[in-house]
Amino acid sequence: MTTYPKMDNYLESIIKRDPAARSKLSIILTYPGVKSVFFHKIANQLWKLNLYTLARIVSQFSRFLTGIEIHPAAKIGKNLFIDHGMGTVIGETSQIGDNVTLYHGVTLGGISPAENSKDQRDTKRHPTIEDNVIIGCGASILGPINIGSCARVGANTVVLKDVPPYATMVGNPVKNININKDTSFNPYGVRDIDDNK
């Protein structure tokens, strides 16, 4: 099988983050997040060419196949891993850095989509996710906020304000339970939790 350096690096990044990943071929054939990122690259290029309807058609086809909705205008960095993915939504003005991991049901959304729609066009309404962030299943990151690099957002957490780098955010209302400068991939647990925060 011929491999391409960028694709090979992408698949290796998934193998490093997912203990269920058995081979690159199985990732390509069976991982909906990989398919959604592939189709997003096509839809995003069409969007940049001002072929908006065609871009949305590709985006909706991808949603039909994968259960993951990514707006064609969203900006996505290298090695985005959407694990499981069903129900994940990434809004139009979202920006995602490199080596970000999202689990199923994550929403990167706006806060007032039905209010003054005309005034909201061409404005930043969705989150910016910096490099090496991990966002747990069902989390909602809403509005034009910033999630700092290496931050972790727990499952079902609702985030409406900026998150500092290296923070571990949980709960609703959200609170920071840990600042951990450990940059290793550790999505399932936190070490040295301070209950006083």
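The values are calculated or read from the model by the stated rules, or taken from the named source; none is laboratory data. Computed from a prediction, not measured in an experiment: that's the story for all the values here. Positions of Cβ are backbone-derived with ideal geometry, glycine not excepted, and every protein chain shown enters the neighbour counts. Surface accessibility is based on the protein's heavy atoms, side chains included, excluding ligands, DNA and RNA. Shrake-Rupley method; radii C 1.70, N 1.55, O 1.52, S 1.80 Å.
Brief remarks on what is shown
- Yes/no for ASP122 being within 21 Å of GLU12 (Cα to Cα) and in a loop (DSSP other than H, G, I, E, B): no
- The set of residues in the stretch 120-134 being out of contact with any Lys or Arg (no Cβ under 8 Å at 6 or more places or on another chain) and either touching a residue at least 24 places away in the same chain (Cβ under 8 Å) or within 11 Å of VAL163 (Cβ to Cβ) (or both) consists of THR123, LYS124, ARG125, HIS126, PRO127, THR128, ILE129, GLU130, ASP131, ASN132.
- Boolean, GLY171 is over 30 Å from PRO19 (Cβ atoms) and at pLDDT 80 or above: no
- Lone qualifier among PRO144, PRO187 - being out of contact with any Gly (no Cβ under 6 Å at 6 or more places or on another chain), in a loop (DSSP other than H, G, I, E, B) and at pLDDT below 90: PRO187
- Leading residue by the ranking (surrounded by the most Cβ atoms within 10 Å (Cβ to Cβ)) among those in the stretch 31-62 that are among the basic types (Lys, Arg) and within 18 Å of the chain's Cα centre (by Cα): LYS35
- Filter pass, ARG22 being among the charged types (D, E, K, R) and outside any loop (DSSP other than H, G, I, E, B): no
- Restricted to the stretch 63-79, and to residues there that are of a type in the set (A, V, I, L, M, F, W, C) and touching a residue at least 12 places away in the same chain (Cβ under 8 Å), the residue that is surrounded by the fewest Cβ atoms within 10 Å (Cβ to Cβ) is LEU65.
- Residue within the stretch 30-42 that is more than 18 Å from ILE76 (Cβ to Cβ) and either assigned to a helix (DSSP H, G or I) or out of contact with any strand residue (DSSP E or B) (no Cβ under 6 Å at 6 or more places or on another chain) (or both) present: yes
- Scanning the stretch 93-119 for residues that are among the charged types (D, E, K, R) and in contact with a Lys or Arg (Cβ under 7 Å, 6 or more places away or on another chain) yields a single hit, ASP98.
- You will find that of ALA155, ALA151, the residue that is among the aliphatic types (A, V, I, L, M), on the phi < 0 side of the Ramachandran plot and surrounded by 19 or more Cβ atoms within 10 Å (Cβ to Cβ) is ALA151 and no other.
- Looking only at residues of the stretch 1-30 that are open to solvent by 30 Å² or more (accessible area, probe 1.4 Å) and of a type in the set (Val, Ile, Thr), we find that the one that is modelled with the lowest pLDDT is THR2.
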